[in-house]
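Worksheet: one structure, shown below.
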Amino acid sequence: MAKITMREAISQALMEEMDRDPSVFIMGEEVGVWGGTYAVTKGFYDKYGPERVKDTPIAENAIIGGAIGAAMVGQRPIAELMTINFAFSAMDYIVNQAPKLHYMFGGQFKVPMVIRAVGGGGRQLGATHSQTPDVIFAHFPGLKVVSPGTPEDAKGLLKSAIRSDDPIMFIENATMYQIRGEVPEGEYTIPIGVSKIQRPGNDATIVTYAKGLELSMQAADQLAKEGIQVEIVDLRSLRPLDMGPVLESFKKTNRAVIVEEGWKSYGIGAEIATRIYTDAFDYVDAPILRVAQKEVPLPYNRTLEQSALPQVTDIVAAVKEVMK
Amino acid sequence: MNKEKKLQMYREMVLIRRLEKRGAELYQAGKIGGFMHLYIGQEAVSTGIVAAREPRDRVITAYRDHGVALNCGISANEVMAELLGKATGMSKGKGGSMHMADPDKNMWGGHAIVGGHLPIASGMALGDQYAGNDNVTICMFGEGATNIGYFHEALNLSKIWGLRVLWVCENNEYGMGTAVNRASAVSDIRQKAEGYRMKNGRVNGRDVLKVHDAAKEAIDYVRTNSEPYLLEVETYRLRGHSMGDPERYRTQDEVLKRKENEPIRTFRKQLLAKKTTTAKKLDEIDAEVDVEVQKAIEFAEASPEPAPEALWENVYVE
Ligand SMILES: Cc1ncc(C[n+]2csc(CCOP(=O)(O)OP(=O)(O)O)c2C)c(N)n1
Ligand SMILES: [Mg+2]
């Protein structure tokens, strides 16, 4: 096992798949000469050339719509949105075209495309550039939404996404590129739509993904010092949603906290909690709690912004609350 | 144009330059965060444009907005306080570098979604048309923004409805690291107006007086004819796209060459050559500006952080 960063893991997945399959190419703003605004595709332009690492104009509709078209005729484009906030500028293609084409034409068309998008708050970028709107994309049947929380998962899931024949939104978090983790040597993939226990425990269940996983792991360390062992279930994909490990864990602990970086209302926590109440009603020992972003657009000021984002202390407090 | 106005324009250009240089230092020191896009090298553009407007004309721009804010009369204190995220900034520390605005000064914002403010500009002109006044909306944006659909939808609407918009494209040759010819089918952006049968022009953005005159003519045209106009301004940004740009897409040689005829030096030479003023007078202005910037920093540093409750304010009006 090698220890690498999230950035390296994603970069490796892209490179391995480009080496394996000539129909895979990348298009997006500043992916080439600049090397990717988050340096994920650094060196790609020199290695693969402008045909396979395509710098686009600032034209999100042309990027996503164009990737859909290329995918329909047999290529495997990876369309990069510089940040997920710019997905709103291409919303029709992401939610109203890509997810519909296979179904609406009775299976005649395929859209084997990956949209890579980086999101997340905490970098003082202001209200339009700091969002974690993952759940919005997960609302649409026909689109798959994957969002990893570890380098190992990022690499394995992205490789599966590139090989998949369905359109997939692959959501990264800008504050997690430096996270390090063990990654298996050599070739591997991870199936999309399988939740994973990232930390075993018997006292309470935390259900989370992506940035929420990073925060929850820290919260779990603190709680362990006080003798509370939480079990952390990482969803890894929001659609399809694998409730198996969540329900299994909950039936053991009877208590759950759901952690997400996005806003609470109508969020992932609402979905997970409802499913637990419905499918494991007899096992509920405490109201299920949600830790999420305060319901405001994110401000620029650092202290204010941090006060709106979910923190480790919020998770610790919520777990203690469900343990009461 | 009288001498006072020329000196005022010189002063504003120097103010933008020096405030941003100090701002960059504060950014390196960690006192400013987020994205900060410097206007250094482009000062003659907003200075010339804003100097040509009537106070009732509205200005709206993108995230590279410190210059426009200062030209519109927002104080250095408020600009610096907003950069530092303080409660005394015009956006109360909630907006930061990219979101400076003051409607009382007819500065309708820095906007961070590329091209996003162009349809809004059409809408502002629509509002004025509906109200029956002849205000002009001046909308500034980069050449990179002319490749997104927003630009085309907004231009077309302004033409078919006869909206009073002066579209100002600041062609600084790059959108982040992408050279204009790699991203746009035409490098002379004004040609894009032709497709909408829109009157257009192109001007050297290193010469503030030329920018002013071109803008004046365009604004008069827009006001009189109730028609939009696209003015392309040739310019160049001397700093990175934003703080922390590795600048792999251009050579330092290219940047150094452009520095030779940068707008402030150019204007200074003009003022002296035409004997409009003396070097001593210009040096005095420089020194005054330094004091103003220093005071702005002191004001911003001494200003309070927003109160915790500010988080919940302004989500809705009611
Ligand atoms: C819709 C959208 N896509 C991408 C971005 C990221 N971005 C910010 S500035 C920029 C370059 C804009 O270039 P240009 O319009 O030429 O303006 P300049 O920065 O040169 O002043 C890009 C791609 C964004 N803010 N909004
Ligand atoms: Mg530009």
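Read-outs: derived from the displayed coordinates by stated rules, not from any lab. Values in this document were obtained by computation on a predicted structure and should not be read as measured data. Methodologically, a virtual Cβ is constructed for each residue, glycine included, from the backbone with ideal geometry; neighbour enumeration extends over all protein chains shown.
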> Just for the Cα atoms in the range A:196-323, what are the lengths along the principal axes, largest first, rounded to whole Å?
Replying inline: 44, 34, 23
> Taking θ as phi - 60°, what are the ³J(HN,Hα) couplings along the range B:19-25 by the Karplus curve (6.51, -1.76, 1.60), each to the nearest whole Hz, with x for Gly and Pro?
Replying inline: 4, 5, 4, 5, x, 4, 5
> What average count of beta carbons from other chains do you get within 10 Å of the Cβ of residues in A:57-66?
Replying inline: 5
> Name the trypsin sites (Lys or Arg not before Pro) in the range B:139-197 that are in a loop by DSSP and that have at most 11 other C-beta atoms within 10 Å, would you?
Replying inline: B:R197
> If we restrict to alpha carbons, what Rg and Dmax does the range A:89-160 come to, in Å?
Replying inline: 14.4, 45
> If you project the alpha carbons of the protein assembly as shown onto their three principal axes, what span does each projection cover, largest first, in Å?
Replying inline: 86, 56, 51
> Using alpha-carbon positions, what is the distance between the centroids of the range A:56-112 and the range B:244-264, in Å?
Replying inline: 36
> From largest to smallest, what semi-axes in whole angstrom does chain A give when each is the square root of 5 times an eigenvalue of its alpha carbon gyration tensor?
Replying inline: 33, 21, 19
> Taking N as the number of residues in chain B, what value does Rg over Cα atoms divided by 2.2 N^0.38 Å take?
Replying inline: 0.97
> Where the Cα atoms of the range B:55-209 are projected onto their three principal axes, how long is each span, largest first, in whole Å?
Replying inline: 45, 43, 31
> In vacuo Debye scattering of the range A:154-245, one point per C-alpha: log10 I(q)/I(0) at q = 0.10, 0.13, 0.17, 0.21 Å⁻¹?
Replying inline: -0.30, -0.50, -0.82, -1.15
> What percentage of all Cα-Cα pairs in the range A:2-183 are separated by more than 26 Å?
Replying inline: 23
> Considering every pair of different Cα atoms, what Kirkwood radius, in Å, is found for the range B:193-318?
Replying inline: 19.5
> Karplus couplings for the range B:167-173 from phi (6.51 cos²θ - 1.76 cosθ + 1.60, θ = phi - 60°), rounded to Hz, Gly and Pro as x?
Replying inline: 7, 10, 9, 8, 8, 9, 6
> Can you sort B:M140, A:M104 so the residue with the fewest Cβ neighbours within 10 Å comes first?
Replying inline: A:M104, B:M140
>> Tell me which GluC sites (Glu not before Pro) from the range A:16-110 have a DSSP coil assignment and no more than 10 other beta carbons within 10 Å of their own.
In response: A:E51
>> If I stretch the segment between B:K281 and B:E4 completely, what's the gain in nm (0.36 nm per residue apart, minus their alpha carbon distance), one decimal?
In response: 98.5 nm
>> Taking the alpha-carbon distance from A:K100 and a cut-off under 18 Å, which aspartates and glutamates remain once sequence neighbours fewer than 8 residues away in the same chain are dropped?
In response: A:D92, A:D165, A:D166
> How about the range B:234-318: which trypsin sites (Lys or Arg not before Pro) there are in a DSSP loop, with at most 14 other Cβ atoms within 10 Å of their Cβ?
Replying inline: B:R248, B:K274, B:K275
>> I'd like the Karplus ³J(HN,Hα) series for the range B:214-220: coefficients 6.51, -1.76, 1.60, θ = phi - 60°, whole numbers in Hz, and an x wherever there's a Gly or Pro.
In response: 5, 5, 4, 4, 5, 5, 4
>> Within 10 Å of each Cβ in A:126-139, how many Cβ atoms from other chains are there, averaged over the peptide?
In response: 2
> Within the set A:K211/A:K251; B:K86/B:K259; B:K5/B:K192; B:K21/B:K281; A:K3/A:K211, which residue pairs have Cα atoms separated by over 29 Å?
Replying inline: B:K86/B:K259; B:K5/B:K192
